[in-house]
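Here the structure comes first, spelled out in C-alpha cells, and everything after it is commentary.
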Amino acid sequence: MASDTALLVLRVVLGLTMAAHGYNKFFGGGRIPGTAGWFDSIGMKPGLFHARVAAGTEIAAGVGLALGLLTPIPAAGFVALMLVAAWTVHRHNGFFIVKEGWEYNLILAVTAVAIAGTGPGRYSLDHLLFPDVTWLSGWSGLAIAVGLGLAGGIGQLAIFFRPPAKTS
C-alpha cells in the first residue's frame with residue numbers, strides 16, 4: 001500500500017535525522033566533552049551526564065522510530081528531547097527556525113507523535129513482531145508518546161535545568 005510505503009519513508013528519514021544528531025554529539029566536532037561543555041553553558045548540569053543521555057536517546061529514539069520498533073516509545077523520546085531543546089535553547093528566539101526558534105523542535109516532536117498515533121505501517125518491526133498488539137498505535141500509541149514524552153522532558157527540566165545567570 002502507498003500509505004505503508006509513505007510511513008516507511010517518513011519514519012526512516014525522521015528517525016535517521018534524529019540518530020544523526022546523536023551520532024554528531026558522540027563523534028562530531030567537540031564530541032562528548034564539547035557537547036558536555038555546551039550543556040553546562042545552557043544550564044543543563046551536569047553537562048557530561050546530559051551530553052551522554054541526549055546523544056544516546058537521540059540515537060536510540062531515531063533508530064527505533066526508523067525501524068518501527070515499539071513505535072510509541074521512541075516517539076516519546078522525540079517529544080522529551082525536543083521539549084528540552086525548545087525550552088533550554090530556542091524559546092527565547094521565537095517560533096521561526098531562521099531566528100533559531102523552536103519551529104524545528106515542534107515539527108520533529110509532532111511528526112513522531114503522529115506516527116505513534118497512526119502506527120508505523122506494514123513495513124515495520126512492530127508489524128512483523130507484534131501484529132496483534134493494539135497498544136502500539138491509535139489512541140494508546142498517541143497517549144504513550146505524548147504522556148511519556150512530556151513526563152520525561154518536564155521531569156528532566158524540573159530536576160536538572162538551572163538557567164545560567166544573565167550578565168549585563
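The values are calculated or read from the model by the stated rules, or taken from the named source; none is laboratory data. The structure displayed is predicted, hence computed values, not measured ones. Here Cβ is always computed from backbone atoms with ideal geometry, including for glycine, and neighbour counts include all displayed protein chains. We work out accessible area using only protein heavy atoms, side chains counted, and drop any ligands, DNA or RNA first. Shrake-Rupley method; radii C 1.70, N 1.55, O 1.52, S 1.80 Å.
Tell me the chymotrypsin sites (Phe, Trp or Tyr not before Pro) within segment 129-168 that lie in a loop according to DSSP and have at most 16 other beta-carbon atoms within 10 Å. List each step's numbers first, then the result.
Working: sites: 135, 139, 160, 161; in loops: 135.
For chymotrypsin sites (Phe, Trp or Tyr not before Pro) across segment 129-168 that sit outside H, G, I, E and B with at most 16 neighbouring Cβ atoms in 10 Å, the list reads 135.
Just the number please: accessible area per residue for segment 36-92, 1.4 Å probe, all protein chains included, in Å².
Working: 2120 Å² over 57 residues.
I get 37 Å² per residue for segment 36-92.
For residue 161, which sequence-distant residues (separation of 5 or more, or a different chain) have an amide H within less than 5 Å of its own amide H, given hydrogens modelled in the peptide plane?
none
Mean residue ellipticity at 222 nm from the helices of the chain, using -39,500 (n - 2.57) per DSSP H segment of n ≥ 4 over the full residue count, to the nearest 500 deg cm²/dmol? Working shown, then result.
Details: 7 runs with 117 residues, N = 168.
Mean residue ellipticity at 222 nm (helix-derived): -23500 deg cm²/dmol.
Could you give the length gained by full extension between residue 161 and residue 135, i.e. 0.36 nm per residue of separation minus their alpha carbon distance, to one decimal place? Numbers along the way, then the final one.
On the way: separation 26, 0.36 × 26 = 9.36 nm, distance 3.25 nm.
Length gained, residue 161 through residue 135: 6.1 nm.
Work the Kirkwood hydrodynamic radius out for segment 4-126: mean of 1/r over every pair of different alpha-carbon atoms, inverted, in Å. Write out the running numbers ahead of the final one.
Numbers: mean 1/r = 0.0685 Å⁻¹.
That comes to 14.6 Å for segment 4-126.
Name the residue farthest towards the positive end of the dipole of the chain from the options 61, 144, 42, assuming +1 on Cβ of Lys and Arg, -1 on Cβ of Asp and Glu, about the Cα centre.
42
Could you give the dipole magnitude of segment 1-151 about its Cα centre, charging the beta-carbon of Lys and Arg +1 and that of Asp and Glu -1, in debye to the nearest 20? Before the final figure, lay out the partial values.
Details: 8 positive and 7 negative charges, 69 e Å.
Its charge dipole is roughly 340 debye.
What are the lysines whose alpha-carbon lies under 21 Å from the alpha-carbon of residue 25, with same-chain residues fewer than 8 places away excluded?
Counting by Cα, and skipping residues close in sequence, residue 25 has these lysines nearby: 45.
Rolling a 1.4 angstrom probe over the protein chains, ignoring ligands and nucleic acids, what is the accessible area of residue 99 in square angstrom, nearest 10?
Residue 99 exposes around 140 Å² with every protein chain in place.
Using only the alpha-carbon atoms, how far is helix 103-118 inclined from the longest principal axis of the chain? Give it as 0 to 90 degrees, nearest 10.
Orientation of helix 103-118: about 30 degrees from the principal axis.
Can you give me the relative contact order of segment 1-160 as a percent, contacts being Cα pairs under 8 Å and 6 or more apart?
Taking the mean separation of contacting Cα pairs over the length of segment 1-160, I get 26 percent.
If I fit a long axis through the Cα atoms of helix 72-85 and take the longest principal axis of the Cα atoms of the chain, what angle between them do I get, 0 to 90°, rounded to 10?
Helix 72-85 and the main axis of the chain meet at about 20 degrees.
Compute a Gaussian network model of the chain, connecting alpha carbons closer than 10 Å, and tell me which residue from 80, 112, 36 fluctuates the most.
Result: 36 has the largest fluctuation of those listed.
Note down the net charge around residue 120, summing +1 for each Lys or Arg and -1 for each Asp or Glu among other residues with Cβ under 13 Å from its Cβ.
On the way: positive: 11, 122; negative: 4, 126.
Value of the local net charge: 0.
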